[in-house]
1. Net charge near B:LEU60, counting Lys/Arg +1 and Asp/Glu -1 over other residues with Cβ under 10 Å of its Cβ?
2. State, in square angstrom and to the nearest 100, the accessible area buried between chains B and A, both chains counted, probe radius 1.4 Å.
3. Specify the angular offset, from 0 to 90 degrees and rounded to the nearest 10, of the alpha carbon long axis of helix A:189-223 from the longest principal axis of the alpha carbons in chain A.
4. For chain A, report the accessible area per residue in Å² (1.4 Å probe, heavy atoms, rounded to an integer).
5. Per residue, how much accessible area does chain B show when a 1.4 Å probe rolls over the protein heavy atoms, in square angstrom?
6. Per-residue counts of other Cβ atoms within 10 Å, averaged by peptide: what ranking do you get for A:179-186, A:314-321, B:201-208, highest first?
7. Using only the Cα atoms, work out Rg/Rh for segment A:10-104, with Rh taken as the Kirkwood radius, to two decimals.
8. Would you mind giving the mean number of other chain beta-carbons within 10 Å of the Cβ of each residue in A:28-35, as a whole number?
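The values are calculated or read from the model by the stated rules, or taken from the named source; none is laboratory data. For clarity, every value in this text was computed on a predicted model and none was experimentally measured. Cβ: placed from backbone, ideal geometry, glycine included. Neighbour counts: every protein chain shown. The protein model used for the area step is the full one, side chains on, heavy atoms only, and it has no ligands, DNA or RNA in it. Shrake-Rupley method; radii C 1.70, N 1.55, O 1.52, S 1.80 Å.
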Amino acid sequence: MRSFEDDPTLDDLLTPEQLQRLNHALSALCRKPVTITPHRQDDAVAVEFNLETVGWLSGGASPGERQVASELVSFLMMFVAKYRLAANLHHDTTEASYAELQRQNEALKASEARYRELSGQLQQRVDEQVEVIRQTQQELYESSRLRSVGHLAAGVAHEINNPIGFISSNLGVARDYLDDLRGLLPGTEANRELLDDFHDLIGESVDGAKRIASIVSDLKTFSSIDQADYTLCDVNKLLTSAIHLLQTEYGHQLHITERLDDIPKISGHPGRLSQSLYNLLDNAAHALRDAKSENGQGRILVKTTARDNEVDIVIQDNGCGIPDANRSQVFDAFYTTRPVGSGAGLGLTVARDTVRAHRGTIKIDSREGTGTRVSLTLPGT
Amino acid sequence: MAEYTSEDNKLTLKVVFYGPALSGKTTNLMQLHSLLNPERKGELMVLETRDDRTLFFDMLPIGLKSDSGLDLRLKLYTVPGQVQHDSTRKAVLSRADGVVFVADSQPSQQDNNANAFGNLEENLEKVGLDIDTLPLVVQFNKRDITGVVDETVLQTRWSATPWSPLIMASALRGQGVIETFRTLLDRLYTEINDEFELVSRHGIDRDRFITRLSTSHEVNRA
Ligand SMILES: Nc1nc2c(ncn2[C@@H]2O[C@H](COP(=O)(O)OP(=O)(O)O)[C@@H](O)[C@H]2O)c(=O)[nH]1
Ligand SMILES: [Mg+2]
């Protein structure tokens, strides 16, 4: 594109009609006709404008006439050129301003898009945070529910403890009385049968009361309501209590192998540890239930070992395992493969949080269809 | 940006008089028009003034022809100084080969000078010119007025810049105008000589370049 300051040509300055009119008027003034052309003719003199030859003037009656006519044209050209220059400059600057405006508009659009994207990201972040808050709230709710269930269990256990105590001892005394009665009553066939039956009834009741007492004792260990804070815990004992409770839950149908080493006591929160161990055992039991039968009999192995002032706990099952796709979510609160509403899902999260609070580690190895092994390591005292 | 066309062996250079409004740019050009007597001199085009102020620009073409036939043209432009004409200033400044900055010596005008110089730096950058390499002369005009800022103060203030020493002028009285112009020609020659082989191909050395473009009537008379 030509810039406003480029030297103008004759074409730039005059239209063909204007040029024709100028030739006509000049010819009328001169004694002989003259013509202005862009290119040099034989007798032509240059029409100069601002050091630039814009055209050639030929004709006229004499060189003097040509010269004067040419000067007149130069004089006129200055005003034409002035207008051209101003108009071209105006055009140039308007175009530049428009280009600038467009550039600014583009920049504005770009920044608007950037802000829109930013606000989108912001929304996403807010959503994520809201989700975190919701989960934490739910966790809190769940754990406080678990805690109150624990409290309730401990309370019930405590209340049952006394009556079951005197029921047991009364039953023992009653059995002694029965033996005394046997000597006092006539030894008829009917009496003997009655007394034998009575003896059996009391015997069964004694067994029953023993079982109740043992459950109550497990419950007490399990919920450890008496221990508010960290104490020395016997992990083996916590495990056996949890296993007993689990067996009660499952009608003593589970095959649980205990391989508990002689391990040192560790410093910990017995209630929370019990809860966690129970959760892991419960998961294992569920995994057995969900497993296909071709794995053979469902088994749970519970193992403890001592190592360098650390206690290792392994709870292993040959149940259904965890699918690869779900492996990363197993610690998510509420992740569960079980039907929604069965109240599960928090088990692993609680276990992980508890283990972390005890500065321990938890690791899960699992293969779908083969089984799962959960390994805990807890630091000693 | 100097423009050379080989078919007509023509080299066109552009010098722009820049500065705040009413500092005397147009007066500088008018004085050059009447004082200079170079080989070739065109009409001074004043485009057009409203209240005596430059609306678009002023332009004065001068030139020389070398023995080698080089048609060398120098177009001298002024820009409108008022703030609102920035786009015109930019258009005129674009592709400049040299700049004369005309400052006003009156104490009240020092802020305007600074703003205009800042605007020059800014616009040079926008049109892709480098203020450090562009031939630039700074003139402090209106020395004839009483109470102008002392010359030593001005010279000291600018001494650390590449544009020291400043040139003092009274354009109204025609003083310092040609000196300013010659200083600019000197710096311009340094920039363009190699590229356009002024001395080697066209036989125009520095002295010829300056004197032939800035011969004044006085010199001729003398
Ligand atoms: N006293 C004095 N006035 C000047 C001088 N140069 C310019 N002026 C005046 O300042 C006013 C603006 O000058 P002009 O050349 O139009 O300024 P421009 O806006 O930079 O083009 C005019 O009234 C000039 O007469 C000078 O050297 N001395
Ligand atoms: Mg002016």
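1. Residues near B:LEU60 contribute 0 overall.
2. Numbers: alone 10550 and 23890 Å², together 32620 Å².
So the total buried area for this chain pair works out to about 1800 Å².
3. Taking the Cα atoms of chain A, the angle to A:189-223 is about 30 degrees.
4. Values: 22930 Å² over 381 residues.
With the other protein chains kept in place, chain A gives 60 Å² per residue.
5. 44
6. Highest mean packing first, the order is A:314-321, B:201-208, A:179-186.
7. With Rh from the inverse mean 1/r over Cα pairs, Rg/Rh is 1.17.
8. Values: counts 0, 0, 0, 0, 0, 0, 0, 0.
Mean partner-chain Cβ count within 10 Å for A:28-35: 0.
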